[in-house]
Amino acid sequence: MTTKVQTHDIVHITDCHDTNPEGGFLAATKVKLAYAAHAEEIGLPVRLIEVTPAEEFNTIDVGAKFSEIVTSNPNPARLIVAVNAAPPSIPGGNNNNARINFVCGRLKNGAVFGGTYGGHCLSYVKSQIVELYELLDSNNGSQFRSLEVLPRALVEYAAGVIRPERLGKLDIAADVPDAPE
């Protein structure tokens, strides 16, 4: 008798994308390759990796798409979702690209998620979150954290191999805003 291997689907919802003809969706391709490489490195079987564009700096759009994907998926326990919308907190930028740390978490239906949590990225699934951690080492000064930090951290978290000292527990009620009306 053969044992069926549980594969995972990764969806990266982001407002960072190059949709111009010259760019040829290069950013999305690079993100997909990063997830594939990190998943293979730790032995996490992946069936699908998709990048879904969102409106620039629109955390409501990202949050609504996140909610739609995790509530309409026929097998959410195999789902890994990255959410990324990072409007600048200071006009003109911050020193050394300083940003709020990423988060990692899990929903009641088993879906794993990670990424930015500013604005309303997590608001539409707030009542479904059962665990939420700040990724303490994710503010590394990179302008490209959604490529250079998030894929590795998220697949490690999903596989249960992330080092515990990298995570700090967050208060869901206090740290995740309610959905807008």
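Straightening the chain between residue 174 and residue 77 buys 32.3 nm, computed as 0.36 nm per residue apart minus the Cα-Cα spacing.
Here the spin labels are modelled as points 7 Å beyond Cα on the Cα-Cβ line, and at residue 136 and residue 37 they lie 2.7 nm apart.
Mind checking the full-extension length gain between residue 26 and residue 3? Use 0.36 nm per residue of separation minus the Cα-Cα distance, one decimal, nm.
Values: separation 23, 0.36 × 23 = 8.28 nm, distance 3.69 nm.
Difference between extended and current length: 4.6 nm.
Pairs of Cα atoms nearer than 8 Å and 6+ residues apart set the relative contact order; for the chain it is 24 percent.
Each residue was assigned an accessible area with a 1.4 Å probe, and for residue 32 the value is about 70 Å². Looking only at 164, 53, 45, which one moves most when the chain is put into a Gaussian network model with springs between Cα atoms under 10 Å? In this elastic network of the chain, the residue with the biggest mean-square fluctuation among 164, 53, 45 is 164.
For each pair in 30/65; 32/108; 108/169, compute the distance between the two Cα atoms and list the pairs where it is over 24 Å. Cα-Cα > 24 Å for 32/108; rest within. The residues of the chain expose on average 52 square angstrom of accessible surface per residue, using a 1.4 Å probe on protein heavy atoms. Have a look at 55, 156, 134 and tell me which one the Gaussian network model of the chain (Cα, springs below 10 Å) gives the largest fluctuation. Most flexible of the set in this elastic network: 55. Label-to-label distance for residue 127 and residue 161 is 3.7 nm, based on points extended 7 Å past Cα in the beta-carbon direction.
The values are calculated or read from the model by the stated rules, or taken from the named source; none is laboratory data. Source: prediction; values computed, not measured. Every residue, glycine among them, receives a Cβ derived from its backbone with ideal geometry; neighbour counts consider all protein chains shown. Calculation scope for accessible area: heavy atoms of the full protein, side chains included, ligands and nucleic acids excluded. Shrake-Rupley method; radii C 1.70, N 1.55, O 1.52, S 1.80 Å.
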